[in-house]
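To start, the structure under review is shown below, and the notes come after it.
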Amino acid sequence: MKAFVLERHGKKSALRSAEMPIPELRDDEVLVEVHAAGVNLLDAKIRDGEFKLLLPYRLPLILGHDVAGVVVKVGPRVRQFKPGDEVYARTDDLRIGTFAEFVPVKEASLALKPQGLTMEEAASIPLVGLTAWQALVEKAGLKKGQKVFIQAGSGGVGSFAIQLARHLGAVVATTTSAANTALVKGLGADIVIDYKTQDVEGVLRDQDVVLNSQDGKTLEKSLRVLKTGGKLISISGPPDPEFGRDIAAPGFVKLVMRLLSAGVRRRAKARGIGYAFLFMKADGNQLTQITRLIDAGAIRPVIDKIFPFASTNEALAHVESGRAKGKVVIKVK
Ligand SMILES: NC(=O)c1ccc[n+]([C@@H]2O[C@H](COP(=O)([O-])OP(=O)(O)OC[C@H]3O[C@@H](n4cnc5c(N)ncnc54)[C@H](OP(=O)(O)O)[C@@H]3O)[C@@H](O)[C@H]2O)c1
């Protein structure tokens, strides 16, 4: 099969278009013919070598976490899917590879594709949709009437998270630059802050939840706009000891996580705020709930650009520019 392969870590390492064997199917996996693959910053970060400690991939590696496609084969222990099903997924860590014509996906990580979406639209959803779900529903328990501040509302995670928070009945504040104001308002943001000209601390206070996806300075500001008892969920670090336990990290990695997050945890505690780091996981059950929300019209995909398969490196570069409005997708078939 055709695939885009990482042969050497590094910022300038282009993925190579190569002929690769179709990975062997495990008993609990489904082989998916890839029609479209979503592109995420995580793909670029793995290419650069930033995640070597957490995700020890061996090279050569086919990159790509998000897929939408058609089931062509199922392993003997698979019960819920059959050849011909239209599906989508965020593939599991250490079993990725959607920048290819075929990818095996664990049954437990797969869901039926929302009926009203094209393959490209469906491929834009899993990683960012599950991130928003795990941050707002699982970790924060966001409730009707609560105030939530979602950073970078025009990005992949933000554009989904705004819609999910709105569906849950929260009052949503977000940051973006002026050109994207109409986009985030259309997604359901109540308060829009231009991060280039305004200071969030001058606009927001007493937030119940903050979804932090930006730098350390923004993390500190987030603490100051939360109310006592509020929750700060960060997807851009620093990792906390609970995350180290969750992934059964080796002792020294757990220690590094403890040290990296010691400052923010201490300052959060002093203000009566809960701090949690989130590294999202593949989850077919949660994705099925997301399918229902999309089919019901509560959430729609936001796509910035669709690239042909041959332009996979250009698609990654576009994501890395940090300017995408919603998601970037590769059309494979
Ligand atoms: N831990 C996890 O599980 C997890 C999961 C998903 C993502 N992440 C991380 O979360 C971050 C966001 O991911 P993403 O996919 O949503 O990113 P993205 O789609 O690349 O974000 C691009 C958007 O961010 C906006 N933006 C850039 N700088 C901003 C700032 N200072 N304030 C507000 N908005 C700003 C841009 O708007 P303008 O053009 O208007 O500036 C653009 O629309 C990344 O660091 C990613 O690696 C982590």
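Where a number appears in this text, it was derived from the coordinates with a stated rule and is not lab data. Being a predicted model, the structure only gives us computed values, none of them experimental. Every residue, glycine among them, receives a Cβ derived from its backbone with ideal geometry; neighbour counts consider all protein chains shown.
Values for this structure:
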| read-out | value |
| --- | --- |
| Whole-number D in µm²/s for the chain (Stokes-Einstein; Kirkwood sum over Cα pairs; 25 °C, 0.890 mPa s) | 121 µm²/s |
| Dipole of the range 203-333 [Lys/Arg +1, Asp/Glu -1 at C-beta], most positive-end residue of Ile247, Gly237, Ala296 | Gly237 |
| Computed over the range 271-333: relative contact order in percent, which uses C-alpha pairs under 8 Å that are six or more apart | 31 percent |
| Contact order normalised by residue count of the chain, Cα under 8 Å, 6+ apart, percent | 20 percent |
| Positive minus negative residues near Met257 (Lys, Arg vs Asp, Glu; Cβ under 10 Å) | +1 |
| Dimensionless Rg/Rh of the range 81-168 - Kirkwood Rh, Rg from C-alpha atoms | 1.01 |
| Ranked packing of 245-258, 65-78, most packed first, by mean Cβ within 10 Å | 65-78, 245-258 |
| Residue-averaged 222 nm ellipticity for the chain, from DSSP H runs of 4+ at -39500 (n - 2.57), nearest 500 | -8000 deg cm²/dmol |
| Amide hydrogen neighbours beyond the local backbone of Ala152, cut-off 5 Å, H modeled | Thr175 |
| Cβ charges +1 (Lys, Arg) and -1 (Asp, Glu), total dipole of the range 12-68, debye | 460 debye |
| Approximate spin-label separation Ala179-Asp246, in nm, with each point projected 7 Å along Cα-to-Cβ | 3.4 nm |
| Proximal charge balance of Val137 [Cβ under 15 Å; K/R count +1, D/E count -1] | +4 |
| J(HN,Hα) series, the range 31-38, from Karplus relation 6.51 cos²θ - 1.76 cosθ + 1.60, nearest Hz, glycine and proline x | 8, 10, 7, 6, 9, 8, 10, x |
| Net charge contributed by nearby residues that have their C-beta within less than 12 Å of Ser154 (K/R +1, D/E -1) | +2 |
| Amide H within-cut-off set for Ile303, under 5 Å, with H built and near neighbours excluded | Lys327 |
| Candidates Arg79, Arg95, Arg26: whichever shows maximal mean-square fluctuation once the chain is modelled as a Gaussian network with Cα springs under 10 Å | Arg79 |
| Mean separation of Cα contacts under 8 Å (6+ apart) over length of the range 34-165, as relative contact order % | 24 percent |
| Segment Leu53-Arg323, extension gain: residue separation times 0.36 nm, minus the distance between their alpha carbons | 94.4 nm |
| Cα-centred dipole magnitude for the chain, charges only on beta-carbon of K, R (+1) and D, E (-1), debye, nearest 20 | 960 debye |
| Only Lys, Arg (+1) and Asp, Glu (-1) charged, at Cβ; the range 110-264 dipole about Cα centre in debye | 300 debye |
| Restraint check, Lys106/Lys221; Lys196/Lys254; Lys139/Lys221, Cα-Cα greater than 31 Å | Lys106/Lys221; Lys196/Lys254 |
| Among Glu121, Glu138, Glu101, residue whose mean-square fluctuation peaks in a GNM of the chain (springs only between Cα atoms under 10 Å) | Glu138 |
